[in-house]
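The values are calculated or read from the model by the stated rules, or taken from the named source; none is laboratory data. Note that the structure is a prediction, hence the values are computed from the model and not measured. Cβ placement follows ideal geometry from the backbone for every residue including glycine, while neighbour counts extend to all protein chains displayed.
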Amino acid sequence: MSYLHLFELLIILHVSFGAPGLVSFWIPVFSRKGAKLHTVWGKAFVVMMLITASCAVGMSTMSILDPVASHPKLMDHEIFGDPVLIRGIFGWMMLYLALLTINLTWYGWLCIRNRSDHARNRAWHNMALQLILFVASANCAWQGARIEQPMMIGISMVGFATVGTNLWFMLRPKPGPLEWLTEHIKALVGTGISVYTAFFAFGAVRLIPELALAPALWAVPLVTGLILIIYHQRLVSRPLRRARSVAAT
């Protein structure tokens, strides 16, 4: 199998799991939390995102090692025909987004699995994912500065914030009664933000190249995701806030 054929196989797998994953994201978001529909589709979303992101790790690694062989059709492109830019955008930035997706997906899954045993959230693999994402975020920012792509620097801040908030929860000796749920929501909606950001960015390269690196396009999934996170976190925390209010009176 040639280098390009292997790359195209990863693309097929990436799209085959990523496309239904993008659609399935909305089912647990809008279904009743804890219901069978939410649970079944939530698990399906986790599996599809882990496979999709793992394929992206392979694709981005191949783009870093040989950007020309991985993207021969872009060589004549007016904007993205530079191997240095391809390595930066399709290599280092895609690798960062893939690792961000894996981090958020696995962390969000563990938050709900370990809701009765918080110490298990500090398992070595979960801690290792935080270190890996921190390094990937720093590298994405550095590579963006090196090739003068401020968007890469800006998007890397999401990774730093993710690591910081994840560790804040993981290292707490005794979190609040519903913090595992708010972290679960933050992480898996964050997965959706990461994947939709990658979808818009890399899809725009082929459809509307001029918009591929436009901040406004990248802001759409981020703003939408943040609104969903805030809304659902407040929704699930409402009974606890009511109980505290009654206890205080």
Flag if residue 126 is under 16 Å from residue 91 (Cα atoms) and at pLDDT 90 or above | no
Inside segment 62-97, can you point out the residues that are under 17 Å from residue 142 (Cα atoms) and hydroxyl-bearing (Ser, Thr, Tyr)?
-> 96
Test for residue 15: is it closer than 30 Å to residue 184 by Cβ, touching a helix residue (DSSP H, G or I) at 6+ places or on another chain (Cβ under 9 Å) and either surrounded by 15 or more Cβ atoms within 10 Å (Cβ to Cβ) or at pLDDT 90 or above (or both) = no
Which helices (runs of 4 or more DSSP H) does segment 148-249 wholly contain that include 2 or more residues that are modelled with pLDDT of 90 or more?
-> 150-170, 179-207
Among (1) within 20 Å of the chain's Cα centre (by Cα); (2) among the charged types (D, E, K, R); (3) more than 17 Å from residue 184 (Cα to Cα), residue 43 falls short only on (3)
Please work out which residue is nearest to residue 27 (Cα to Cα), limiting yourself to segment 147-191 and to residues that are surrounded by 19 or more Cβ atoms within 10 Å (Cβ to Cβ) and of a type in the set (S, T, N, Q).
-> 191
Elements of type helices (runs of 4 or more DSSP H) in segment 45-119, at least 1 residues being surrounded by fewer than 19 Cβ atoms within 10 Å (Cβ to Cβ), free of Cβ contacts under 8 Å to residues at least 40 places away in the same chain and among the charged types (D, E, K, R) = 94-113
